[in-house]
């Protein structure tokens with residue numbers, strides 16, 4: 001599980017880590033039953049306060065994405081589908097809000113945004129078809 | 001959770017001549033936390049830390065470290081606290097191994113096995129003279145000396161000063177591994193805020209001898225927001241509660257508020273919904289201390305005229 005944090009970003013570290021675990025799960029890089037690194041291990045790897053990691057694991061457990069097994073660490077939940085769908089939606093909703101704000105600032109109407117979004121899907125579809133997968137930053 | 005605070009300051013004042021450095025400091029640091037102590041140069045960070053170690057006497061107020069008054073019990077405090085200074089002066093002519101043997105007897109609780117383990121993990125060259133150590137090795141020696149007596153509280157005064165980015169990251173990793181893992185309380189002063197954020201449970205911002213904000217890092221990040229609205233809404237933004245900063249950039253007006261939930265009712269009442277942006281710790285710190293608050297009032301009247 002590759003996680004990268006950026007301290008200069010405006011996004012709080014807990015959210016950075018939680019979002020990356022969510023997107024690993026949404027993309028299938030993490031699947032049901034996978035074991036996550038221990039709190040202590042991930043804290044060392046990322047040089048992040050163990051409480052922060054604990055907080056993230058607790059939050060994702062509450063969302064149903066992770067499962068904590070007594071004395072045996074943290075796993076990706078077996079019954080993942082609802083949590084996974086929710087995680088995917090949460091990620092998207094944040095991006096959408098940002099887009100809507102930007103559009104409003106630029107005085108671009110909702111219809112126009114929908115049209116641009118369709119075009120964007122078409123472009124990405126073409127790129128993916130030719131084998132160049134769109135890389136997530 | 002009945003642990004007493006490891007550090008308590010109440011109404012602490014200190015002036016050097018006519019220069020008031022601390023103007024009534026109140027601070028309580030709970031046990032087991034990593035506390036980031038932030039402030040610009042001259043804000044009073046070092047003065048505070050020197051008081052915690054009993055090196056300076058407060059003009060007024062109370063200082064307690066692990067329940068002890070550092071003025072009346074300086075030795076006891078020093079024996080229970082690990083301390084890494086920003087430019088640790090050590091005995092340069094000693095070899096690292098000699099230095100460790102020299103310092104050990106000062107601490108009744110010195111744990112020789114732990115010291116050995118740390119020096120192995122830090123890969124310290126025991127036969128090298130201290131003055132010939134690299135900067136990074138020097139900081140690790142200082143950290144070892146601060147940890148080997150198994151203190152309940154470690155005070156770090158800008159310990160990463162002068163380290164390159166790789167060594168700073170290593171230092172923070174050491175901190176996470178050897179202190180936070182063992183529930184040692186850490187009081188960490190620094191001016192490299194973006195570095196502090198991943199390791200700090202709580203943040204305290206000191207400005208002009210006063211504490212302007214103390215909060216859990218996560219809560220601080222959730223509360224302080226930058227709002228962006230069309231310039232016509234400037235008057236509304238200027239009147240928000242907890243306004244830290246406001247400025248105009250062309251057609252837009254930008255404000256920083258210290259608690260977005262407190263600002264929302266006013267925004268809702270005015271019928272505007274500005275874009276809310278997250279701030280990183282550097283930006284939050286800047287909003288608090290760059291002194292714009294003084295100008296906020298001027299800016300308010302200015303903007304009200306525009307709006």
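The values are calculated or read from the model by the stated rules, or taken from the named source; none is laboratory data. Being a predicted model, the structure only gives us computed values, none of them experimental. Glycine gets a Cβ as well: all are built from the backbone with ideal geometry, and neighbour counts include every protein chain shown.
One table, with the values for the structure above:
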item	result
Test set (1) surrounded by 10 or more Cβ atoms within 10 Å (Cβ to Cβ); (2) modelled with pLDDT under 90; (3) assigned to a loop (DSSP other than H, G, I, E, B) - residue A:137 fails condition number	(1)
Single residue of the stretch B:248-263 satisfying the filter (part of a helix (DSSP H, G or I) and surrounded by fewer than 16 Cβ atoms within 10 Å (Cβ to Cβ)) that is nearest to the other protein chains (Cβ to nearest Cβ)	B:261
The stretch A:68-84, residues that are over 17 Å from the mean Cα position of the chain (by Cα) and surrounded by 12 or more Cβ atoms within 10 Å (Cβ to Cβ)	A:68, A:73, A:74
Selected residue (only one of A:62, A:43, A:87 is more than 10 Å from chain B (Cβ to nearest Cβ) and crowded, with 22+ Cβ neighbours inside 10 Å)	A:87
Matching entry among B:107, B:83 (being in contact (Cβ under 8 Å) with a residue 40 or more places away in the chain, more than 26 Å from residue B:208 (Cα to Cα) and surrounded by 15 or more Cβ atoms within 10 Å (Cβ to Cβ))	B:107
Which listed residue, of B:145, B:161, is farther than 19 Å from residue B:91 by Cβ and either more than 10 Å from chain A (Cβ to nearest Cβ) or surrounded by 23 or more Cβ atoms within 10 Å (Cβ to Cβ) (or both)	B:161
Test: residue in the stretch B:196-205 that is at pLDDT 90 or above, out of contact with any helix residue (DSSP H, G or I) (no Cβ under 8 Å at 6 or more places or on another chain) and either more than 10 Å from chain A (Cβ to nearest Cβ) or within 22 Å of residue B:41 (Cα to Cα) (or both)	yes
Test: residue B:213 is within 14 Å of another protein chain (Cβ to nearest Cβ) and either within 22 Å of the chain's Cα centre (by Cα) or in contact (Cβ under 8 Å) with a residue 12 or more places away in the chain (or both)	no
Qualifying residue in the stretch B:132-153 (condition: in a loop (DSSP other than H, G, I, E, B), assigned by TED's automatic domain parsing to the domain that holds residue B:201 and without any contact (Cβ under 8 Å) to a residue 12 or more places away in the chain)	yes
Selected residue (only one of B:92, B:162 is in contact with a helix residue (DSSP H, G or I) (Cβ under 7 Å, 6 or more places away or on another chain), modelled with pLDDT under 90 and at positive phi)	B:162
